[in-house]
Every structure is written in C-alpha cells, then in structure tokens.
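Chemist: Below is one structure. I have some questions about it.
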Amino acid sequence: MDLVVGRVVKSHGIRGEVVVDIRTDEPELRFARGSVLRGRLPRGGGEREFTVTAAREHSGRLLVSLAEVSDRDSADALRGTLFLIDSSEVEPSDDPDEFYDHELEGVPVQLTDGTGVGVVESVLHLPASELLSVRTTDDREVLVPFVKEIVPTVTRELIVIDPPEGLLDPESADSDR
C-alpha cells in the first residue's frame, strides 16, 4: 500500500524548487539529501522517481530541490504530484493514540450503542481539520470530523463514533444542497 509523504503545491523561484505540503511526521528522513522519492504525477501522468538534492523548511512547508528538475517550467509541471513510499517502510507507532492513515483504512465504524455504520475509506487532511471518509453499510460516503467529541474511541480494530444529529442522515445531506 502506498503512503503519501508529500504533495507538490507549486513551483518556487526560477531554479526548479518545488513547494511541498508535508504529509509525514519524518520530513527530515523522507526528504533528506540523496533520498529517492516515487512521484505519482497528476492527471494520469504515471509515476517517476526523483532524487532530493536539497530541502529546507519554509512557512510550514518544504522547499525541495530535485536532481531531475532544473527550471521553473519543469517544477510547474509537477504541481499536484504526490510523493509516495510503501507502507512496509513505516514502523507502527508505539503510542496507542497515534495512527498512520493506512492503519485506519478498512477499520469498522460503529455508533456508541454498537450499531454498525460502515468502514473507513480514507483520512482526509484539510486545512481546517481532519475528516474520516466512511463508506456506510448502504454504500454512501459520510465525512466524519476526526475530533474526540465525535470520535471518542479509535483502535486499529474498531472506531466508535458519537455523531451529532443529522450527520449520518442522507435526507439532511440532500436538503443542504
């Protein structure tokens, strides 16, 4: 399974640097000089390997130089590229309250009363908060805010949610449109 460790946001400067949104808790390891990154290009562009020649922190993101990218046009073409690693390269966390996204994908979700809701499809990292994308038993996608008040119990085997009224109701979602 692939894990996203970064996403190219845009180019920076004229020498081919790219601005990368960090999606890993070990950017100093994943983006170290000499690291080879697998990049999934946007718009069905396939995959390529890139070698990091330099990386530095800049406003909560990384500015990354790649051996294969030497000018702004080449860097612009990488906008949206996802940098990936194989999940087998990641050691599980020793902290029972910390999870990698891939560890939660496929985990069953139920209400506090034991009623089955569905399974986690993915964890979405948005600017305002994180969301669990849950595929319900009736094959709908429900986005659940990943906060303690709504998701009181999380393990690698089961996630228990206590959603506010209307969150799981398909009629309330349709009436909002």
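The values are calculated or read from the model by the stated rules, or taken from the named source; none is laboratory data. All of these numbers come straight from a predicted model, not from anything done at the bench. For neighbour counting, all protein chains shown are included, and Cβ atoms are generated from backbone atoms with ideal geometry for every residue, glycine included.
Chemist: Kindly evaluate LEU167 against the criterion of being part of a strand (DSSP E or B) and either surrounded by 13 or more Cβ atoms within 10 Å (Cβ to Cβ) or not assigned by TED's automatic domain parsing to the domain that holds ARG23 (or both).
Modeler: For LEU167, the condition - part of a strand (DSSP E or B) and either surrounded by 13 or more Cβ atoms within 10 Å (Cβ to Cβ) or not assigned by TED's automatic domain parsing to the domain that holds ARG23 (or both) - is not met.
Chemist: Only one of SER59, SER70 is among the polar types (S, T, N, Q), more than 18 Å from the chain's Cα centre (by Cα) and either buried (at least 17 other Cβ atoms within 10 Å of the Cβ) or closer than 25 Å to LEU124 by Cβ (or both). Can you tell me which?
Modeler: Answer to the check: SER59.
Chemist: Given the residues THR53, THR24, which is the only one that is modelled with pLDDT of 90 or more and surrounded by 13 or more Cβ atoms within 10 Å (Cβ to Cβ)?
Modeler: THR53
Chemist: Quick check: is even one residue across the range 89-106 modelled with pLDDT of 95 or more, part of a loop (DSSP other than H, G, I, E, B) and surrounded by fewer than 17 Cβ atoms within 10 Å (Cβ to Cβ)?
Modeler: No - not one qualifying residue is present in the range 89-106.
Chemist: Let me ask you something else. Identify, from the list VAL119, VAL144, the residue that is of a type outside the set (Gly, Ala, Ser) and touching a Leu at 6+ places or on another chain (Cβ under 7 Å). Spell out how you get there, then give the answer.
Modeler: Working: VAL119 fails: touching a Leu at 6+ places or on another chain (Cβ under 7 Å).
Step by step, each of VAL119, VAL144 is checked, and only VAL144 is of a type outside the set (Gly, Ala, Ser) and touching a Leu at 6+ places or on another chain (Cβ under 7 Å).
Chemist: List every residue pair whose Cβ atoms sit under 8 Å apart, with the two residues 6 or more apart in sequence or on different chains, where the first one lies in the range 1-28 and is in a loop (DSSP other than H, G, I, E, B) and the second, anywhere, is polar (S, T, N, Q).
Modeler: Close Cβ pairs satisfying both conditions: MET1/SER87; ARG15/SER65; ARG15/SER70; GLY16/SER65; GLY16/SER70; GLY16/SER74.
Chemist: Now, a different point. Return the residues of the range 107-126 that are β-branched (Val, Ile, Thr) and either assigned to a strand (DSSP E or B) or over 16 Å from VAL147 (Cβ atoms) (or both); say none if nothing qualifies.
Modeler: As a first pass, look at the range 107-126 and keep what is β-branched (Val, Ile, Thr): 107, 109, 112, 115, 117, 119-120, 123.
Across the range 107-126, the qualifying residues are VAL107, VAL109, THR115, VAL117, VAL119, VAL120, VAL123.
Chemist: Another question about this same structure. Among all residue pairs at least 6 apart or on different chains, which show Cβ distances below 7 Å where the first residue, located in the range 111-140, is in contact (Cβ under 8 Å) with a residue 40 or more places away in the chain and in the same structural domain as VAL151 (by TED's automatic domain parsing) and the second is buried (at least 16 other Cβ atoms within 10 Å of the Cβ) and not in a strand (DSSP E or B)?
Modeler: VAL117/LEU168; HIS125/ARG23
Chemist: So which residues in the range 73-88 are of a type in the set (S, T, N, Q) and crowded, with 18+ Cβ neighbours inside 10 Å?
Modeler: Residue satisfying the conditions is THR81 alone.
Chemist: Also: Among the residues of the range 71-82, are any in a loop (DSSP other than H, G, I, E, B), under 30 Å from THR136 (Cβ atoms) and not assigned by TED's automatic domain parsing to the domain that holds VAL134? Write out each step before concluding.
Modeler: From the range 71-82, those in a loop (DSSP other than H, G, I, E, B) are 71, 77-81; that's our starting set.
Then drop every residue that is not under 30 Å from THR136 (Cβ atoms), which leaves 80.
Those still in the list that are not assigned by TED's automatic domain parsing to the domain that holds VAL134 too: 80.
Yes, because at least one residue in the range 71-82 is in a loop (DSSP other than H, G, I, E, B), under 30 Å from THR136 (Cβ atoms) and not assigned by TED's automatic domain parsing to the domain that holds VAL134.
Chemist: Would you check which residues across the range 31-45 are at pLDDT below 90 and more than 16 Å from SER74 (Cα to Cα) and list them?
Modeler: GLY44 - this is the single residue of the range 31-45 that is at pLDDT below 90 and more than 16 Å from SER74 (Cα to Cα).
Chemist: Evaluate the following for THR112: is it more than 30 Å from GLY13 (Cα to Cα) and of a type in the set (S, T, N, Q)?
Modeler: Spelling it out, THR112 is indeed more than 30 Å from GLY13 (Cα to Cα) and of a type in the set (S, T, N, Q).
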